[in-house]
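The values are calculated or read from the model by the stated rules, or taken from the named source; none is laboratory data. These numbers were taken from a predicted model, which means no experiment stands behind them. In this analysis, Cβ positions are derived from the backbone assuming ideal geometry, glycine residues included, and neighbour counts consider all displayed protein chains. SASA here: full protein model, heavy atoms, side chains in, ligands and nucleic acids out. Shrake-Rupley method; radii C 1.70, N 1.55, O 1.52, S 1.80 Å.
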Amino acid sequence: SASAINRSKQRLDLLGFFSEVKIDTRPIEGRDDQVDLEVSVVERQTGSFSVGIGYSNLDGILLQASLNQQNFLGSGNALGLNVSSGRVNETYAVSFTDPYITDGGVSRTTTISKKDTDLSSLVVSSFQSSTYTAKLSFGVPVTEYDRVFYGAGMEQTELTIFDNSPRVYKGFVEKNGTKNTVYPLTVGWSRDNRDSSFYPTKGVSQKFNAELSTPAGDLTYYSGQYSLEWFKPVTKNTTLHFEGSIGYAEDYDNKDLPFYKNYYAGGGRTVRGYQTSSIGPQNEFGEAIGGKRRLLGTGEWLFPFPGLEKDRSMRLALFFDAGGVENSYDDALSEMRYSTGVGFLWYSPLGPMRFSFAKTLNDEATDRTEKFQFT
């Protein structure tokens with residue numbers, strides 16, 4: 001069965017452990033109904049370790065270190081450690097995933113983290129927060145391509161509001177206090193029939209995630225997000241890539257949606273050419289405050305780096321991005337921002353890096369733009 005052999009190759013590719021997989025058939029002497037399958041793989045770097053040091057006149061010395069290993073000690077388990085201290089976020093996080101706690105392929109992920117956020121140096125409304133999180137989640141395969149996720153956790157957030165913080169932030173603190181604890185339940189679904197997770201050229205990936213903050217906590221809200229990626233080969237070495245997502249968040253039981261749960265857009269992973277999180281509603285100081293609805297779309301033409309057609313660690317893209325954030329979908333559509341440009345993706349020894357040079361197409365006087373971006 002050629003189709004079954006091809007699917008076996010795709011499943012090996014989707015593990016993310018290999019940069020190249022080849023399956024050859026070898027006839028068995030004296031048998032006309034059987035063949036041997038010879039599988040050869042090229043292992044790729046499944047771990048990334050990064051350290052950084054810098055200087056800012058706002059924060060002084062900046063430090064960051066992270067270790068992510070998708071094949072910890074050759075076990076297939078994933079371990080992530082992250083410590084960072086920068087102008088916006090100070091994060092301490094540990095996560096561990098066992099992809100096979102049962103023979104049927106049920107996975108379990110445990111995450112513990114602490115995150116301090118100070119947005120005063122961005123174009124986002126000023127506030128500070130400290131959030132402690134503990135989560136336990138499971139993934140259950142239901143078909144060859146589909147997987148369902150569910151989990152529960154605890155999240156405690158302490159807020160600091162300033163004199164120049166917007167009125168909506170001050171009103172939230174007056175009503176709900178500076179410290180809140182929530183107990184969210186999460187559910188999700190994914191379907192992935194791409195030919196590779198490392199260098200996809202065809203197939204579709206879909207994801208849906210929802211979160212419900214239960215009445216056992218101080219705040220009650222819910223949110224959901226659906227995203228889709230589609231890859232279609234055009235020539236032997238080029239691929240069309242389309243991606244879109246829609247996000248929805250709202251409160252219930254007469255309690256406010258926490259403003260720090262709002263959606264944002266702009267930056268290297270959403271709408272390139274606009275400053276990070278700058279698209280959408282603004283406060284009285286011209287700073288972004290995010291919104292309850294978000295629409296994102298991207299179209300790319302992917303092709304190899306010239307002269308390195310066989311190197312699957314580098315890829316160029318001509319792209320078109322679109323995105324809008326508001327408190328209703330009608331407003332998000334009417335206030336969409338667009339950009340186009342050239343992108344470069346490099347799976348470097350230190351981990352994936354993205355570079356882009358973008359031109360905004362319909363920016364207004366209040367928008368914050370930047371042509372070159374790196375993530």
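Using Cα pairs under 8 angstrom and six or more residues apart, how large is the relative contact order of segment 173-230, in percent?
Taking the mean separation of contacting Cα pairs over the length of segment 173-230, I get 35 percent.
Can you send over the solvent-accessible area of residue 175, 1.4 Å probe, protein chains only, in Å² to the nearest 10?
120
Leaving out same-chain residues fewer than 8 places away, which aspartates and glutamates sit with a Cα under 13 Å from that of residue 175?
By straight Cα distance, residue 175 reaches 218, 256.
Could you state how much accessible area residue 355 has, in square angstrom rounded to the nearest 10, with a 1.4 Å probe and all protein chains kept in place?
Accessible area of residue 355: about 60 Å².
What relative contact order, as a whole-number percentage, does the chain give when Cα pairs under 8 Å and 6 or more residues apart are counted? List each step's numbers first, then the result.
Working: 968 pairs, mean separation 34.5, N = 375.
So the answer I get is 9 percent.
In deg cm²/dmol and to the nearest 500, what is the mean residue ellipticity at 222 nm of the chain if only DSSP H runs of at least 4 residues count, each as -39500 (n - 2.57), divided by the residue total?
So the calculated ellipticity at 222 nm is -2000 deg cm²/dmol.
Quick check for you: which residues of segment 179-214 have the amide N under 15 Å from the point 7 Å beyond the Cα of residue 250 toward its beta carbon?
Taking a point 7 Å out along Cα→Cβ of residue 250, the residues of segment 179-214 whose backbone N falls under 15 Å are 211-213.
Please list, by residue number, every one of the GluC sites (Glu not before Pro) in segment 244-289 that is coil in DSSP and has at most 15 other beta-carbon atoms within 10 Å.
Answer by residue number: 284.
Amide H neighbours of residue 195 under 5 Å, counting only residues 5+ apart in sequence or on other chains, H built in-plane at 1.01 Å?
The answer is 201, 202.
Using the beta-carbon distance between residue 146 and residue 260 and R0 = 30 Å, what value does 1/(1 + (r/R0)^6) give for FRET efficiency, to the nearest 0.05? Show your work: numbers first, answer last.
Numbers: r = 32 Å, r/R0 = 1.07.
Efficiency at R0 = 30 Å is approximately 0.40.
Tell me the carbon and sulfur percent of the accessible area for the chain, rounded to whole percent, probe radius 1.4 Å.
55
Please label the shape of the chain as rounded, prolate or oblate, based on the square roots a ≥ b ≥ c of the eigenvalues of the alpha-carbon gyration tensor (a/c under 1.5 means rounded; beyond that, a/b larger than b/c means prolate, else oblate).
Prolate is the answer for the chain, as a/c is 1.5 or above and a/b outweighs b/c.
Under a 5 Å amide H to amide H cut-off, with H placed in plane at 1.01 Å, what residues pair with residue 348 once short-range neighbours are removed?
Excluding prolines and chain starts, which carry no amide H, the hits are 353.
In segment 15-34, whose amide N lies under 18 Å from the spot 7 Å out along Cα-to-Cβ of residue 5? List them in ranges.
What the label zone holds, given the 18 Å backbone N cut-off, is 21-34.
Compute the length gained on full extension between residue 42 and residue 191: take 0.36 nm times their separation in residues and subtract their Cα-Cα distance, giving the result in nm to one decimal. Mind dumping the intermediate values first?
On the way: separation 149, 0.36 × 149 = 53.64 nm, distance 2.58 nm.
Fully extending the segment from residue 42 to residue 191 adds 51.1 nm.
Between residue 365 and residue 89, take the C-beta separation as r, use R0 = 25 Å, and let me know the FRET efficiency to the nearest 0.05.
Here the calculated transfer efficiency is 0.30.
How tilted is helix 2-14 with respect to the longest principal axis of the chain? Cα atoms for both, answer in degrees (0 to 90, nearest 10).
Compared with the principal axis, the helix lies near 40 degrees.
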